[in-house]
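No value in this document is a laboratory result; all are computed from the given coordinates. What you are looking at is a predicted structure, and each value in this text was computed from that prediction instead of being measured. Note that each Cβ is placed from the backbone with ideal geometry, even for glycine, and that neighbours are counted across all protein chains shown.
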Amino acid sequence: MLPLWLSHPANIGAFYGLLISFALILPYRFAGEDNSSWLPNWVFHASLLIVACLLLGLASLLLIHWSKRFPVAPPRVVLYPMPFVGLALLTLTRTDIIQAPTLLVWCLLLLPGPMYVHLSWAPRWRLLCMLEDGKDPFIGMESKEPEPLEDAATLAGDDEDLLSVVEEYAEE
């Protein structure tokens, strides 16, 4: 398990920015005609990505801390392929095969990480911190009563094998 300071939402955001930066090495290296300036250009954009994702993670942490919102499962079917689509569009745009809007490319690359941190990771992190401090984050919430189970005989119907297994289990 990660130490709590390392699992901080701002650090997770910075790590996401670093991962995206590593994925951009090949498009920056091989797409341009000027082979001498790709490294400073990549370092500049990598630094911007890391700082932007770090700040978005920190902003998400502050919003979650103030709003006390509980975690939400993000739409993974949409969220997971977005960076790959953004990387493909960036590569195609940098090699002049197609022209895509720059804002669309960078949103596809950057949006999934901060969105996941904001919707899912930061609220869970806040709940874990509260539990670690000995506070109950679920005070005042309604608890759902479990529905009473039906009798085994009505559930099994005419199935004698199932009834015998249930009776043996109940005797133990």
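Taking only the C-alpha atoms, wrap a convex hull around the chain and report its volume per residue in Å³ as a whole number.
On the way: hull volume 39.7 nm³, N = 172.
Taking the convex hull of the Cα positions in the chain, it is 231 Å³ per residue.
HN-Hα J couplings of region 45-57 from phi, Karplus 6.51/-1.76/1.60, θ = phi - 60°, integer Hz, Gly and Pro as x?
5, 5, 4, 4, 5, 5, 5, 4, 5, 5, 5, 5, x
So what are the ³J(HN,Hα) numbers for region 77-83, from phi and the Karplus equation (6.51, -1.76, 1.60; θ = phi - 60°), rounded to whole Hz, Gly and Pro as x?
4, 8, 6, 5, x, 4, x
What is the sum of charges around Ala122, taking Lys and Arg as +1, Asp and Glu as -1, for the other residues whose C-beta is under 15 Å from the C-beta of Ala122? Before the final figure, lay out each step's value.
Details: positive: Lys68, Arg69, Arg124, Arg126; negative: none.
After counting each charged neighbour, the total is +4.
Name the shape class, rounded, prolate or oblate, that the alpha-carbon gyration tensor gives for region 32-88, where a ≥ b ≥ c are the square roots of its eigenvalues, rounded holds for a/c under 1.5, and otherwise prolate holds if a/b is larger than b/c and oblate otherwise. Write down the numbers at each step before the final one.
Details: a/c = 7.55, a/b = 1.78, b/c = 4.24.
Taking the square roots of the gyration eigenvalues as a ≥ b ≥ c, region 32-88 is oblate.
So what is the relative contact order for region 9-132, in percent, with contacts set as C-alpha pairs under 8 Å and at least six apart? Don't skip to the answer; put the middle values down first.
Numbers: 144 pairs, mean separation 44.6, N = 124.
Here the relative contact order equals 36 percent.
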